[in-house]
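K.L.:
Submitted below is the structure of interest, expressed as structure tokens.
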Amino acid sequence: MDPNIPTWMTEPEAYSAPKDSDGFLTKSTLTVLGVLSHIRETSQRGLRWASPPVMLLTVLALIVLMALSKNMMFSYVVLAEVLIASLFLSGKALSRSMKTSLSAMAFSMLLLLPAVFSGTPRTMLTVSIKVFISVALLNLVSQTLPFNKITASLKSFRIPDLFIFTLDITLKYIVLLGDVCVNMLNALRLRSVGKNREKGKSVSGILGVTFLKSREMSEEMYGAMACRGFEGEYVRTRERQLSWKDAATVLFLAGMVALFVYTQRAIAG
């Protein structure tokens with residue numbers, strides 16, 4: 001043994017890092033990945049019963065009519081239609097749609113629980129059913145149309161370009177910044193040695209880095225769009241001709257409007 005080598009360097013290292021639970025990091029990563037996978041999912045072609053603008057118009061009109069309706073018969077008809085349309089979803093999409101709709105319904109029932117004790121339980125039932133139908137309709141659209149088709153359809157309704165641009169960029173950067181968060185969470189897991197009970201404090205650091213990254217991305221995007229001559233105006237390249245499916249959907253919506261008027265007159269009469 002070389003006498004010039006310190007004694008502590010010749011001693012064997014028997015360090016064993018204590019076991020630590022990374023449940024916080026795992027749950028955070030799975031949550032972010034779940035949101036990203038939902039956004040990245042492609043639409044189901046079998047459910048496209050009309051062009052995106054007509055589909056959005058139909059769904060929004062049904063939600064408004066159902067909110068204004070004072071007769072539950074109209075809501076029950078819409079509920080039956082939503083349940084039938086939901087049967088064409090895949091198992092995963094149907095499970096997600098029903099879970100979200102039932103959660104919204106349960107939350108609304110919890111908020112309106114005092115109405116039961118005040119002697120008006122029908123109010124809680126009516127509002128909860130309408131909330132369930134509204135959320136189910138929105139889920140049906142989100143499972144049918146990708147986000148770029150939805151934002152492109154807003155141009156058909158003369159929505160301001162600034163609103164469309166903000167919504168479009170927000171949806172796209174949710175995915176990009178989500179990837180940044182996932183990468184940082186994985187890096188934190190790989191660099192964690194030993195037991196650390198304060199991993200929750202790392203959230204502030206992750207959010208701070210994400211904010212700085214978003215600012216950097218915004219500057220790069222502004223430069224790229226300026227180089228491409230973008231002036232904040234969305235231009236439709238071509239006009240889509242209405243098909244027979246669009247005509248059938250418009251007739252269906254007209255029938256629902258007629259049913260709404262009939263049920264309203266039945267109450268008034």
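Quick note: the coordinates plus some simple rules give every number you see, no bench work behind them. All figures in this text were calculated on a predicted structure; none of them were measured in a lab. Every residue, glycine as well, gets a Cβ built from its backbone with ideal geometry; the counts of neighbours run over all protein chains shown.
K.L.:
How big is Rg to Rh over region 51-116, alpha-carbon atoms, Rh as the Kirkwood inverse-mean-distance radius?
P.N.:
On the way: Rg = 14.0 Å, Rh = 13.8 Å.
Over the Cα atoms of region 51-116, Rg/Rh equals 1.02.
K.L.:
Let me know the Rg and Dmax you get for region 206-265 when you use only its Cα atoms, in Å.
P.N.:
23.3, 59
K.L.:
Any chance you could check the Cα centroid distance between region 72-87 and region 133-192 for me, in angstrom?
P.N.:
27
K.L.:
Only sites in a loop by DSSP and with at most 16 other Cβ atoms within 10 Å count here; which trypsin sites (Lys or Arg not before Pro) in region 125-195 make the cut?
P.N.:
158, 195
K.L.:
On to the next question. Using Cα-Cα distances under 8 Å and only pairs 6 or more residues apart, what relative contact order does region 97-160 have, in percent?
P.N.:
Working: 35 pairs, mean separation 23.8, N = 64.
This gives 37 percent for region 97-160.
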